[in-house]
Ligand SMILES: C[S@@+](CC[C@H](N)C(=O)[O-])C[C@H]1O[C@@H](n2cnc3c(N)ncnc32)[C@H](O)[C@@H]1O
């Protein structure tokens, strides 16, 4: 990671204003999100980029979409022929799924309920900023460590996780990198698309499980 790169978002974002993601996604916000065509397009574009970074080695993979929301990425992966497991802990998002296509799981992505070495890949789109918001918060740190350990555990050897998210600052982002280095066996890097355009900037955490 280039040490020169720095940013600090000043405006208050939903994850700064609401303690829990479920407080933000009340009935109205949740329906607006789930039914928005423009959000669907944006999230699908991010999923396409995440897929590129995964560099999947075969056509029909078993992929976890962690923090799937109403399933914009999960449905797209399914359409491509992958077997997708969509997971989120907000019950009302899961009611948007047509379960004949995709049957989502209600669970916390920091504590995933799966067998070890089962997934070919993991993606997570626009969710991690809700789990780790500030450096120095012990509960958030502990949930984050559990998330990465759990992802490591359920991934097959030689496979990847791609996590797109919106950290508040480079300090938060680098702290996440440090926690991964200190507490997991993942190797990884941050990939930043459009680094000089704050509106278009997209940050991806690419993690590799080697063995
Ligand atoms: C902004 S939405 C993104 C949803 C979806 N990935 C998309 O691209 O549209 C963030 C999602 O992350 C989920 N989320 C946040 N923390 C979570 C956790 N600990 N476990 C499971 N889901 C979580 C929220 O419930 C919400 O559905």
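The values are calculated or read from the model by the stated rules, or taken from the named source; none is laboratory data. Just so you know, these numbers come straight off a predicted model, no measurement behind them. Quick reminder, even Gly has a Cβ in these numbers, built from the backbone with ideal geometry, and neighbours come from all protein chains shown.
Just need a number here: residues in segment 71-92 that are in contact (Cβ under 8 Å) with a residue 40 or more places away in the chain, within 11 Å of the ligand (Cβ to nearest atom) and buried (at least 23 other Cβ atoms within 10 Å of the Cβ). Spell out the reasoning first.
Keep residues of segment 71-92 that are in contact (Cβ under 8 Å) with a residue 40 or more places away in the chain, which gives 72-73, 77, 89-90, 92.
Pick out the ones that are also within 11 Å of the ligand (Cβ to nearest atom) and you get 72-73, 89-90, 92.
From the residues that got through so far, the ones that are buried (at least 23 other Cβ atoms within 10 Å of the Cβ) too are 72-73.
Here the count works out to 2.
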Quiz item: So, of the residues in segment 115-152 that are crowded, with 16+ Cβ neighbours inside 10 Å and more than 30 Å from residue 6 (Cβ to Cβ), which turns out to be nearest to the ligand (Cβ to nearest atom)?
Solution: 150
Quiz prompt | Residues of segment 177-192 classified as closer than 21 Å to residue 53 by Cα, touching a residue at least 24 places away in the same chain (Cβ under 8 Å) and touching a helix residue (DSSP H, G or I) at 6+ places or on another chain (Cβ under 7 Å), total | solution = 6
Self-check item: Pairs, first closer than 22 Å to residue 53 by Cβ in segment 105-133, second part of a loop (DSSP other than H, G, I, E, B) and more than 7 Å from the ligand (Cβ to nearest atom), C-beta under 6 Å, six or more apart
Solution: 120/61; 121/61; 129/166
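Which of the following residues is under 28 Å from residue 19 (Cβ atoms) and under 16 Å from the mean Cα position of the chain (by Cα): 191, 131?
Answer to the check: 131.
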Quiz item: Would you pick out the residues in segment 54-70 that are near the ligand (Cβ under 8 Å from one of its atoms) and assigned to a loop (DSSP other than H, G, I, E, B)?
Solution: 67, 68, 69, 70
Exercise. Report the residue count in segment 14-52 for those that are within 18 Å of the chain's Cα centre (by Cα), part of a loop (DSSP other than H, G, I, E, B) and surrounded by 14 or more Cβ atoms within 10 Å (Cβ to Cβ).
Key: 1
Quiz item: What about residue 101, is it modelled with pLDDT under 95, out of contact with any strand residue (DSSP E or B) (no Cβ under 6 Å at 6 or more places or on another chain) and either buried (at least 16 other Cβ atoms within 10 Å of the Cβ) or in a loop (DSSP other than H, G, I, E, B) (or both)?
Solution: yes
